[in-house]
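Notes for the one structure printed next.
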Amino acid sequence: MTAVAGARRPAARAAVRGHGAWFLVLPALIPILLLSVGPLLYGIVLAFTDAQSGRTTATAWIGALNFRDLLHDTLFWESFRIGLVWAAGVTVPQFLLALGLALLLDRDLRLGRFARALAIVPWAMPEVVVGIMWRLVYSPDAGILNETLRDLGLGEGRDWLSGLATALPAVVVVGVWAGMPQTTVALLAGLQNTPRELHEAAAVDGAGAWRRFRAVTWPALRPVALSITALNLIWNVNSFALVYVLTSGGPGGKTRLPMLFAYEEAFRYGQFGYAAAMGCVLVAVVSVLLAVFLVGRLRGGEDA
């Protein structure tokens, strides 16, 4: 009998520890459930209804009708195409420029710490502030960009954010500038975790800078590079605030990202159910991107 009781005590203690762990997790778990999971589930349910603003009749369940309408909505799929161009146009230059900056900051530079602190300033600024600041830069009348072009004799400048051909590239430049610091910090951390002895051994063997980068730096940096690039792509697909402040989706819808399109359908036209269906499509796209990233990470871990 004593032996049985002794055997039960470890199980009871483990159960108590398990309950204690849940109590420690609850303060972080409850806000996630209330502010993320709850609205997500409500949005999925809303996508299958005809919910609208200002209705006097009850909201009805309409099944997949919103999704069928979405399949034939050319404006939404055009915004989706613009969103993919935006995401790729921001993510790729963002990574390349951040990689070059990280390689530079990894060297023993004079005032290196100050340069690193300065490099993350755009990351510390809210997107709304960044948008307002760059609107001033792109201002057609007194913007610093047009003033510089005039001073250099390169023309009278133009209205960058209102031109059909220049609005999207101008917004992409802002997206690259705003998101580059976080990529730089991640890549710099990966570079500083690379053993210096490997670089020294490669240099002794006569390897040049490019060969040392390919043989030593990039293999050590690749996991970090893949992770931050995948996260940047997901964040850029979900972009809203920066483009909204800069152009509000104009001119002529040339910068209307999918999130902006869904926002307009919900809060300008009051089509909550239809906008929720758009949100579900975007969640599905992000989920696919995340699944591809996780599968790649798992396969990479197995290969290693």
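A quick yes/no check of all residues on (1) open to solvent by 60 Å² or more (accessible area, probe 1.4 Å); (2) in contact (Cβ under 8 Å) with a residue 24 or more places away in the chain; (3) more than 17 Å from the chain's Cα centre (by Cα):
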{"position": "Thr217", "(1), (2), (3)": "no, yes, yes"}
{"position": "Leu226", "(1), (2), (3)": "yes, yes, no"}
{"position": "Tyr244", "(1), (2), (3)": "yes, yes, no"}
{"position": "Val295", "(1), (2), (3)": "yes, no, yes"}
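Among (1) in contact (Cβ under 8 Å) with a residue 60 or more places away in the chain; (2) open to solvent by 60 Å² or more (accessible area, probe 1.4 Å); (3) not in a helix (DSSP H, G or I); (4) not charged (D, E, K, R), there is one condition Thr57 misses while meeting the rest; what is its number? Single failed check for Thr57: (1).
If you go through the stretch 244-257 one residue at a time, do you hit one that is closer than 27 Å to Leu118 by Cβ, part of a helix (DSSP H, G or I) and in contact with a Phe, Trp or Tyr (Cβ under 9 Å, 6 or more places away or on another chain)?
yes
Could you tell me whether any residue of the stretch 89-97 is of a type in the set (Ser, Thr, Tyr) and either farther than 22 Å from Lys254 by Cα or part of a loop (DSSP other than H, G, I, E, B) (or both)? No, the conditions are met nowhere in the stretch 89-97. Per the conditions (1) closer than 30 Å to Val286 by Cβ; (2) open to solvent by less than 30 Å² (accessible area, probe 1.4 Å); (3) not β-branched (Val, Ile, Thr), the sole criterion not satisfied by Gly143 is (1).
Between Arg55, Arg8, the distinction of being farther than 30 Å from Ala277 by Cα and either at pLDDT below 90 or touching a helix residue (DSSP H, G or I) at 6+ places or on another chain (Cβ under 6 Å) (or both) belongs to Arg8 only. The set of residues in the stretch 155-180 that are free of Cβ contacts under 8 Å to residues at least 24 places away in the same chain and open to solvent by less than 40 Å² (accessible area, probe 1.4 Å) comprises Gly155, Gly157, Thr166.
The residue that is farthest from Leu187 (Cα to Cα), among those in the stretch 197-223 that are modelled with pLDDT of 80 or more and of a type in the set (D, E, K, R), is Arg211.
Please work out which one of (1) closer than 26 Å to Asn238 by Cβ; (2) more than 23 Å from the chain's Cα centre (by Cα); (3) open to solvent by less than 80 Å² (accessible area, probe 1.4 Å) is the condition Ala115 fails and give its number. Checking Ala115 against (1) closer than 26 Å to Asn238 by Cβ; (2) more than 23 Å from the chain's Cα centre (by Cα); (3) open to solvent by less than 80 Å² (accessible area, probe 1.4 Å), the one that fails is (1).
In the stretch 147-154, the condition of being out of contact with any helix residue (DSSP H, G or I) (no Cβ under 8 Å at 6 or more places or on another chain), open to solvent by 60 Å² or more (accessible area, probe 1.4 Å), under 24 Å from Thr91 (Cβ atoms) and assigned to a helix (DSSP H, G or I) is met by no residue. Among the candidates Ala276, Ala209, Ala230, the residue that is among the aliphatic types (A, V, I, L, M) and either loosely packed, with under 14 Cβ neighbours inside 10 Å or at positive phi (or both) is uniquely Ala209. Taking first residues from the stretch 106-128 that are over 18 Å from Thr194 (Cβ atoms) and in a helix (DSSP H, G or I) and partners that are modelled with pLDDT under 75 and open to solvent by 70 Å² or more (accessible area, probe 1.4 Å), the Cβ contacts under 9 Å between residues at least 6 apart in sequence or on separate chains come to Ala115/Leu109. Taken over the stretch 122-146, the criterion of being under 18 Å from Gly163 (Cα atoms) and charged (D, E, K, R) is satisfied by Arg135, Asp141. Looking at Gly63, Gly43, just one residue is among the small types (Gly, Ala, Ser), under 16 Å from Leu282 (Cα atoms) and either at pLDDT 80 or above or open to solvent by 80 Å² or more (accessible area, probe 1.4 Å) (or both), and that residue is Gly43.
The values are calculated or read from the model by the stated rules, or taken from the named source; none is laboratory data. For clarity, every value in this text was computed on a predicted model and none was experimentally measured. Positions of Cβ are generated from backbone atoms using ideal geometry, with glycine treated the same way; all protein chains shown enter the neighbour counts. Side chains included, ligands, DNA and RNA excluded: accessible areas come from the protein's heavy atoms. Shrake-Rupley method; radii C 1.70, N 1.55, O 1.52, S 1.80 Å.
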